[in-house]
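All remarks here apply to the structure that follows.
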Amino acid sequence: ALAGMGDVPEPCPQAPLAVLSKVELRVSCKHLLDRDTLNKSDPCVLLLMQSQGQWMEVDRSEVIKSNLNPVFAKIFTVDYYFEEVQKLRFEVYDSHGHAGVGTHDDDDFLGGMECTVGQIVAQKRVTKPLFLKYGKFAGKSTITIISEEISGNNGYVELAFRAKKLDDKDLFSKSDPFLEIYRIDDDRSEQLVYRTEVVKNNLSPIWEPFKVSLNSLCSCEEKRKLRCVVWDYDSRGKHDFIGEFFTTFEEMQKAMGENKVQWDCMNPKYKIKKRNYKNSGVVVLLDLKIHRVYSFLDYIMGGCQIHFTVAIDFTASNGDPRNSCSLHYINPYQPNEYLKALVAVGEICQDYDSDKKFSALGFGARIPPKYEVSHDFAINFNPDNDECEGIQGVVESYQSCLPKIQLYGPTNVAPIISKVARVAADEERTKEASQYFILLILTDGVVTDMADTREAIVRASYLPMSIIIVGVGNADFTDMQILDGDDGVLRSPKGEPVLRDIVQFVPFREFKNASPTALAKCVLAEVPKQVVEYYSYKAFPPRCPRP
């Protein structure tokens, strides 16, 4: 690699940082059932994931001998997708030393627990009781799952090095030194992390500060060993070795602030040959600055809640709800498109909201008692509290609301966007990453108040909120694509652009024959990026950032 270098070694290009959506799960149990007559149970945990309705084993832990309160060393790694409901099942067995764990009879089964990846990520630590078959408690047995993100986007570090009194390798001039940093991987191979520029004719060079990602530098492991090598540049590529030293990112961090860290630059051959050899110079880390790049999981695991609001179109164009052709018709055997879209998106969001209460609003109907048109009413008819208990509570409020209202018009959505934006603005003033708002608008036609809606979206783009619009029915939604900034930047009527692209529009008919999860994946896939963009713009770190 060195022989192939050009006239002057160029600093290493900085690769784009990428988020790796993986989560590590650590498992422990307490008060397991004792299945053994002579000894205590020998527990082992199986991790299963649901795929196409079937439970598939993903991985399994080691067996811990004779222990009813095991803490397993095995770390389970699962891929994480915000836009999917990823169902997990943990099963604990008494292994008896057999290889076929998981295929034993009921006597070996110590209990199981089901949850979703989203629940574990949102809570960071989940403790639940273990159940035997048929829903029977496994005594007092519990299982605890602790999650931690594996992030390849864990920030970057800025380093500034210099050297003093390096060995002179040139006959008629001084050395032309440059520095290389290598990461030593688990298989003992070395990966080049960075190469500095060459400082000509100088035995005490000061190299330009540079930035590298923490993932590149040390795989985000502070104790991972690094090898740093100083060379005397040769234009033919035959660079002369001056010396080397070993360190870790943990040791480098002592250089933060006013402190300096230095290492002897050693030539192993000279150390063997020369009796009074001390070093071939000294390398000094003048400064170190850590720039953390937070991910969506950092904010969720820091306690950020996703607050979900649904807004339902009750305009007359939907048709009389008593008629089976109406988009609001309640079929006892199959949910209508409004309910399908609501449940598909809401089931994802509910894992990220600790109180499981969702605001449910309606627009475009005449409502009791005066039957005046409202473009912003609570479908539970409680003006002081528009929240419903869980997704099922929203569904029940929607169904009970329909007979009490008169579908009317027009299709104005700006009032509801502005209402949620006011709540988000109150949250913004806390200057904490504690709540992010998702507004799901379900409508059967193009909005009537397009100018006001564009203005409201531009205002909302400065706040902790995202807007998802699902077009229900067979109307022509071409004009609605204007609100989705994918084809260009959405602007207010006065020409002001949105700060962030916060709107996702999808016609439901494109997913009519697909599974509900397909719709949720499509409309929610952008949310993690939108959350990170907002908090990065405001420079709000997670509330409880992990060290």
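The values are calculated or read from the model by the stated rules, or taken from the named source; none is laboratory data. Here the structure is a predicted model, which means the values were calculated and not measured. Counting neighbours? That spans all protein chains shown, and the Cβs are built from the backbone with ideal geometry, glycine included. Just the protein is used for accessible areas: all its heavy atoms, side chains included, with ligands, DNA and RNA removed. Shrake-Rupley method; radii C 1.70, N 1.55, O 1.52, S 1.80 Å.
Scanning the stretch 497-513 for residues that are open to solvent by 20 Å² or more (accessible area, probe 1.4 Å), in contact with a helix residue (DSSP H, G or I) (Cβ under 8 Å, 6 or more places away or on another chain) and not in a loop (DSSP other than H, G, I, E, B) yields 497, 504, 511. Filter the stretch 451-490 down to residues that are open to solvent by less than 40 Å² (accessible area, probe 1.4 Å) and farther than 28 Å from residue 538 by Cα and give me whichever is farthest from the chain's Cα centre (by Cα). This residue is 475.
Return a yes/no flag: does the stretch 80-90 have any residue that is of a type in the set (Asp, Glu), in contact with a Leu (Cβ under 6 Å, 6 or more places away or on another chain) and modelled with pLDDT under 90. Yes; the residues of the stretch 80-90 include at least one that is of a type in the set (Asp, Glu), in contact with a Leu (Cβ under 6 Å, 6 or more places away or on another chain) and modelled with pLDDT under 90. Reported count of residues in the stretch 225-237, each being more than 16 Å from residue 197 (Cα to Cα) and at pLDDT 95 or above, is 3. Looking only at residues of the stretch 278-306 that are open to solvent by 20 Å² or more (accessible area, probe 1.4 Å) and assigned to a strand (DSSP E or B), we find that the one that is farthest from residue 475 (Cα to Cα) is 282.
Here's the yes/no breakdown for (1) charged (D, E, K, R); (2) under 19 Å from residue 157 (Cβ atoms):
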{"position": "236", "(1), (2)": "yes, no"}
{"position": "255", "(1), (2)": "no, yes"}
{"position": "263", "(1), (2)": "no, yes"}
{"position": "268", "(1), (2)": "no, no"}
{"position": "273", "(1), (2)": "yes, no"}
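Assessment of the stretch 467-477 against the conditions (at pLDDT 95 or above, hydrophobic (A, V, I, L, M, F, W, C) and out of contact with any Lys or Arg (no Cβ under 9 Å at 6 or more places or on another chain)) yields at least one matching residue.
For the stretch 403-438, the candidate set comprises residues that are in a loop (DSSP other than H, G, I, E, B) and among the basic types (Lys, Arg); within that set, the residue that is surrounded by the fewest Cβ atoms within 10 Å (Cβ to Cβ) is 429. If you take the residues in the stretch 96-135 that are at pLDDT 85 or above, among the small types (Gly, Ala, Ser) and outside any strand (DSSP E or B), which one is most open to solvent (accessible area, probe 1.4 Å)? Per the stated criteria, the residue is 135.
Would you call residue 532 of a type outside the set (S, T, N, Q), surrounded by fewer than 21 Cβ atoms within 10 Å (Cβ to Cβ) and in a helix (DSSP H, G or I)?
Answer is yes for this residue.
Of all residues in the stretch 307-337, exactly one satisfies the criterion of being aliphatic (A, V, I, L, M) and assigned to a helix (DSSP H, G or I), namely 316.
Those strands (runs of 3 or more DSSP E) of the stretch 340-390 in which 1 or more residues are out of contact with any helix residue (DSSP H, G or I) (no Cβ under 8 Å at 6 or more places or on another chain) and farther than 19 Å from residue 435 by Cβ occupy 365-367, 372-374. When you check residue 58 against the structure, is it of a type outside the set (Ser, Thr, Tyr), open to solvent by 30 Å² or more (accessible area, probe 1.4 Å), assigned to a strand (DSSP E or B) and without any contact (Cβ under 8 Å) to a residue 40 or more places away in the chain, yes or no? Yes; evaluated as a whole, the condition is true for this residue.
Can you tell me which residue in the stretch 164-197 is farthest from residue 266 (Cα to Cα), limited to those that are of a type in the set (A, V, I, L, M), out of contact with any helix residue (DSSP H, G or I) (no Cβ under 7 Å at 6 or more places or on another chain) and surrounded by fewer than 21 Cβ atoms within 10 Å (Cβ to Cβ)?
Ranking the qualifying residues of the stretch 164-197, first place goes to 171.
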